[in-house]
1. Test Leu79 against the stated conditions and say whether it is outside the structural domain of Gln252 (by TED's automatic domain parsing) and modelled with pLDDT of 85 or more.
2. Among the residues in region 317-324, are any of a type outside the set (S, T, N, Q) and free of Cβ contacts under 8 Å to residues at least 40 places away in the same chain?
3. Only one of (1) under 11 Å from Leu27 (Cα atoms); (2) modelled with pLDDT of 80 or more; (3) within 21 Å of the chain's Cα centre (by Cα) is not met by Val118, so which one is it?
4. Can we say Lys353 is over 30 Å from Ser260 (Cα atoms) and within 28 Å of the chain's Cα centre (by Cα)?
5. Can you tell me which of (1) in contact with a Gly (Cβ under 9 Å, 6 or more places away or on another chain); (2) within 29 Å of Leu85 (Cα to Cα) is the one His277 doesn't meet?
6. Looking only at helices (runs of 4 or more DSSP H) that fall completely inside region 259-365, which ones have 3 or more residues that are in contact with an Asp or Glu (Cβ under 8 Å, 6 or more places away or on another chain), over 19 Å from Ser155 (Cβ atoms) and among the small types (Gly, Ala, Ser)?
7. Looking at the structure I just gave you, is Arg108 modelled with pLDDT under 90, surrounded by fewer than 18 Cβ atoms within 10 Å (Cβ to Cβ) and among the basic types (Lys, Arg)?
8. Quick check on region 321-337. Is at least one of its residues β-branched (Val, Ile, Thr) and under 17 Å from Val267 (Cβ atoms)?
Amino acid sequence: MVQVGEKAPNFTLPDTENRARTLKEFLAQKAVLFFCVDAFTANATKELCQFRDATSSLINLNAQIVGVDPKAPAENKQLAEKHRLRFPILSDQKGEVAQAYGLDGAKRAVFVLDEGGVVAYRWVAKDAVGDPDYGAIAQILQAAPKLHAELVVPSVITVSRQVGSGGDEIAREVAKLLGWAYFDKTLMVEVGREVGVSEEDIVDFCEDTYKVQTLVDKMLLRKKPAKQSFTIKDNAHIRKTLEEEHCLSTIQTVINNLASRGKTVIVGRGGQAILKHKLGVLHVRIVAPKTVRVERVMQSEGLSLQEAQRLVEENDKATAEYLQRFYSIDWEDPANYDIVLSTSKIDFATAAKMIATAATQNTSA
């Protein structure tokens with residue numbers, strides 16, 4: 001059996017969409033692997049649901065949850081959809097991976113791996129009694145990433161941009177130059193479906209759709225509301241908070257799973273905060289002087305000078321508040337980025353080439 005301190009065996013297994021996934025691609029962050037022998041038994045399903053309920057907090061601790069189950073991909077897909085499991089479930093139909101991890105005779109098992117693929121925590125149950133120590137798991141996940149961890153294959157670029165800076169155009173060109181995916185609504189739905197999030201639950205709650213809170217909102221809207229036992233349909237402030245928390249959790253789940261794929265350019269949505277501690281991620285900020293941005297917005301949107309100024313100012317305020325309120329980061333702090341580019345004196349194509357070059361060096365270093 002694989003012990004704490006040992007390297008976890010690599011593997012390749014199909015996910016619920018029958019796509020081959022390897023362990024290594026999940027190690028852009030710490031990973032929590034759990035094995036269930038009989039996924040459709042009551043006890044095993046309960047265990048899966050416990051992991052589902054813990055997904056949000058574990059993701060906030062920079063962890064990728066991965067399930068391994070002996071059922072066929074189609075059956076696991078049914079399970080994921082029925083119980084809204086927001087993490088990949090891989091099919092180990094021959095039991096070869098379970099055997100490689102020394103799980104002969106075990107009913108359930110949990111392994112926590114660091115970014116280098118080394119086992120930091122192990123829990124094995126030969127019956128349906130007991131649960132893993134979630135407190136110990138959280139403590140391990142809260143530890144800082146190991147600097148000596150091997151460079152992983154997946155690479156991701158997050159792009160934070162000021163409106164009118166050309167950030168969206170540049171990000172698309174970077175994705176094109178590298179042959180990477182560009183994170184848009186279509187990709188969000190696709191990845192969400194993989195981890196058990198239905199399309200109707202995908203709400204792109206990002207800084208572009210966020211509105212600056214009024215004074216009343218700030219006084220009455222709590223960031224992390226306690227669970228309520230009463231009906232909330234008539235309490236707009238609490239309902240709004242719960243909806244925001246749900247939308248944020250969904251976006252964080254999707255972005256973390258997308259980061260495990262690698263080779264993706266993510267624009268906005270707090271990517272620089274969500275993926276802050278993950279290996280193989282290049283954080284980019286694209287800016288330009290306000291006068292330049294206002295002029296560009298006037299031309300692109302057909303607005304008057306006054307209208308363009310208001311749009312730029314409102315967008316800047318909303319983005320800054322969104323990132324501060326939900327992720328406690330200063331949007332303008334250059335320490336949150338690896339590269340800060342101003343497009344006042346360089347064209348978008350040149351900026352894209354600079355970022356693509358840096359990303360290539362980042363992944364091959």
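1. On the way: outside the structural domain of Gln252 (by TED's automatic domain parsing): yes; modelled with pLDDT of 85 or more: no.
When the stated conditions are applied, Leu79 does not pass them.
2. Going through region 317-324, the residues of a type outside the set (S, T, N, Q) turn out to be 317-318, 320-323.
Those still in the list that are free of Cβ contacts under 8 Å to residues at least 40 places away in the same chain too: 320.
Checked region 317-324: at least one residue is of a type outside the set (S, T, N, Q) and free of Cβ contacts under 8 Å to residues at least 40 places away in the same chain.
3. Unmet condition: (3).
4. Working: over 30 Å from Ser260 (Cα atoms): no; within 28 Å of the chain's Cα centre (by Cα): yes.
No; evaluated as a whole, the condition is false for this residue.
5. Looking at each condition in turn, His277 falls short on (1).
6. Counting at least 3 such residues, we get 305-327.
7. On the way: modelled with pLDDT under 90: yes; surrounded by fewer than 18 Cβ atoms within 10 Å (Cβ to Cβ): no; among the basic types (Lys, Arg): yes.
No.
8. First, pick out the residues of region 321-337 that are β-branched (Val, Ile, Thr): 329.
Add one more test, that the residue is under 17 Å from Val267 (Cβ atoms), and what stays is 329.
Yes, region 321-337 contains a residue that is β-branched (Val, Ile, Thr) and under 17 Å from Val267 (Cβ atoms).
The values are calculated or read from the model by the stated rules, or taken from the named source; none is laboratory data. Keep in mind that what you see is a predicted model, and the values were worked out from it rather than measured. Cβ: placed from backbone, ideal geometry, glycine included. Neighbour counts: every protein chain shown.
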